[in-house]
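This report concerns only the one structure given below.
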């Protein structure tokens, strides 16, 4: 048989190569020179100077969960919903040093956008600008510090990002009074919520469920990280369990997904947005919610997800502006009937 | 850092035993790259500097977008860049993977054209293909290695994750952080599907072709353009060269005597599948199943990393090796041996 080069198994290769490399090998500059190093970020200091005052740091139990962007001087702050909703009392640290309670007053599930209200006025709100976001334009992710958190360029045309398929993490079989749990995947929300094999799932969000298809359609408009109330029968008892939804695909061990995770943490909730501006700034997931500015210092979007090795997503300012009134109105307050 | 080949994970590691020839053909660029690291080719100290970079980056992307195609050969999807009006396409060797193979090229507007693969320099991962449909194709210029040096700003283009009409081509900015004759390393982040896509200097010339990545965002590897220009005639003629024989050892070269485990190690270290009897590795106490995470003070993300690191040493050198062995970390010392010398 012909030994085709492309079938040679790769990693079975002896290390022992070549004549000694010349001195170049020792001249490796390592990772000290990078596009977004401190020195480059420093150059952005004048660019972000004004917007810094509009950034708040949001913590729950002392953990930094996200940044927030003040969009109304009367105390309205936008941030990333899935990092905040259902996780406990939220504190907001303002750039002037104040620490205030933040209340969730509205959530746009599809865009993972949360509106918070803090009891303060005469704050510095950002101006949301619909600037042209041409590929190659610099962008900076603004924190409270003098230098931006991260900088990069606009990488792609704005586009919609489809939501992933969602799962509870159970294997279900038909049962006379609902769906019987055959198996619980230990890595998903159902296990975490205490669902057990042989439980019979009867309701999701208080609606009767008798077929798997019903369950799937019930979850359709939800997103990764959302919590749904699942009712199960166990030994004659009815239990209500809060199950956090997970993403079915891709398999975290798949090659593509492992590659996507190479090089740093990514946001759990990173798919399902009406419109995103994709850029290549290396933003930490807990710095989502921060304003994205162009080189003129105009706020062109709100960072909403660290989506992978090569990409961070921001919701464009135009999209955010459409949502502001509804998010402030209280109609989209989480846990209220209007939430469905 | 690893070197995971994008859509065809096999064969990595083989690429290192290559191309002394090109060191001879192109010695000045490499030497220069190492000397002139103190100075930033384009400063980024003021907002004016940033504006200047932005202006140039936008121009590069505008020019490059139409010539950056998605390359479908076999079952995989990679990227490529058209560099002549008659449709020659530079890509990665592992994207074309064998010569004279039918290829579909997808343009950013979704239009597809047919073509075929030509030659491959397997060791450095350089591949050539050509559009065979009739037409005058949008194209970019090939650059040379002038200015390809640590600190230089570069723009990566490609079709990460495969072609997506909603997001036809994706641009990333970064800087070069290492140059060798066989590889350029940058912090332009690339991923599966980008393989074969172009790396541009700020003049809009192709200076590299995306090849592989490591676990670090700072470690993205590209085939230097000189590999294409120097090997052009062979590639255009459909030749496949620089294959490394399985288990091939170059006499006289640095050697430790281990084989990689037959699994992919993405940023986890170099997993050892076999330790040769009477080898420097055995002498040092390395065992099968060990994962080397540091070698001679350098972090090791993969077997490919280990190969690079060993290759840079001389027989007789001593190196401290940090090994993950089950739950514990073990530190060993190894003396680099000489290949084929009956060590």
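Using the structure shown, decide if residue B:61 is in contact with a strand residue (DSSP E or B) (Cβ under 9 Å, 6 or more places away or on another chain), buried (at least 17 other Cβ atoms within 10 Å of the Cβ) and closer than 27 Å to residue A:154 by Cβ.
Numbers: in contact with a strand residue (DSSP E or B) (Cβ under 9 Å, 6 or more places away or on another chain): yes; buried (at least 17 other Cβ atoms within 10 Å of the Cβ): yes; closer than 27 Å to residue A:154 by Cβ: yes.
Yes; evaluated as a whole, the condition is true for this residue.
Within the stretch B:161-207, how many residues are more than 8 Å from chain A (Cβ to nearest Cβ), over 15 Å from the mean Cα position of the chain (by Cα) and either part of a strand (DSSP E or B) or at pLDDT 95 or above (or both)?
Total meeting the criteria: 5.
Which ones in the stretch A:200-230 are touching a helix residue (DSSP H, G or I) at 6+ places or on another chain (Cβ under 9 Å) and in a loop (DSSP other than H, G, I, E, B)?
Hits for the stretch A:200-230 are A:205, A:209, A:221, A:222, A:223, A:224, A:225, A:226.
Exactly one condition in (1) within 14 Å of chain B (Cβ to nearest Cβ); (2) touching a strand residue (DSSP E or B) at 6+ places or on another chain (Cβ under 7 Å); (3) at pLDDT below 95 is not met by residue A:148; state its number.
It is condition (3) that residue A:148 fails.
Out of (1) at pLDDT 95 or above; (2) more than 8 Å from chain A (Cβ to nearest Cβ); (3) buried (at least 24 other Cβ atoms within 10 Å of the Cβ), the odd one out for residue B:220 is which?
Of (1) at pLDDT 95 or above; (2) more than 8 Å from chain A (Cβ to nearest Cβ); (3) buried (at least 24 other Cβ atoms within 10 Å of the Cβ), only one is false for residue B:220: (1).
For the stretch A:311-340, how many residues meet the condition of being modelled with pLDDT under 95 and buried (at least 24 other Cβ atoms within 10 Å of the Cβ)? If you could, list the steps in order and put the result at the bottom.
Initially, the stretch A:311-340 is screened for residues modelled with pLDDT under 95, giving A:330-340.
Subsequent filtering for residues that are buried (at least 24 other Cβ atoms within 10 Å of the Cβ) retains none.
Matching residues across the stretch A:311-340 total 0.
Looking at (1) more than 10 Å from every other protein chain (Cβ to nearest Cβ); (2) in a strand (DSSP E or B), which one does residue B:155 not meet, given that it meets all the others?
(1)
Out of everything in the stretch B:297-314 that is closer than 25 Å to residue B:123 by Cα and surrounded by fewer than 20 Cβ atoms within 10 Å (Cβ to Cβ), what residue ends up being nearest to the other protein chains (Cβ to nearest Cβ)? Write out each step before concluding.
Of the residues in the stretch B:297-314, the ones closer than 25 Å to residue B:123 by Cα are B:298-314.
Among the residues that remain, those that are also surrounded by fewer than 20 Cβ atoms within 10 Å (Cβ to Cβ) are: B:298-299, B:314.
Working: B:298: 8, B:299: 10, B:314: 5 Å.
This residue is B:314.
Check whether at least one residue in the stretch B:177-186 is free of Cβ contacts under 8 Å to residues at least 40 places away in the same chain, touching a strand residue (DSSP E or B) at 6+ places or on another chain (Cβ under 9 Å), farther than 26 Å from residue B:54 by Cβ and surrounded by fewer than 24 Cβ atoms within 10 Å (Cβ to Cβ), and report yes or no.
no
Collect the residues in the stretch A:151-166 that are touching a helix residue (DSSP H, G or I) at 6+ places or on another chain (Cβ under 8 Å) and at pLDDT below 95, keeping them in residue-number order. If you could, list the steps in order and put the result at the bottom.
The initial filter retains those residues of the stretch A:151-166 that are touching a helix residue (DSSP H, G or I) at 6+ places or on another chain (Cβ under 8 Å), namely A:151, A:153, A:163, A:166.
Within the stretch A:151-166, A:163, A:166 meet the criteria.
Suppose we filter the stretch B:93-139 for residues that are closer than 18 Å to residue B:197 by Cα, in a loop (DSSP other than H, G, I, E, B), within 14 Å of another protein chain (Cβ to nearest Cβ) and free of Cβ contacts under 8 Å to residues at least 60 places away in the same chain; how many remain?
2
Identify all residues within the stretch A:164-190 that are part of a loop (DSSP other than H, G, I, E, B) and surrounded by fewer than 20 Cβ atoms within 10 Å (Cβ to Cβ); write none if there are none. Walk me through how you get there before you give the answer.
Our first condition is that a residue be part of a loop (DSSP other than H, G, I, E, B); within the stretch A:164-190, this holds for A:164-165, A:168-169, A:176-177, A:185-188.
Passing the criteria: A:164, A:165, A:176, A:177, A:185, A:186, A:187.
The values are calculated or read from the model by the stated rules, or taken from the named source; none is laboratory data. As the structure is a computational prediction, the values presented were derived from the model and not from experiment. All Cβ positions, even for glycine, are placed from backbone atoms using ideal geometry, and neighbour counts span all protein chains on display.
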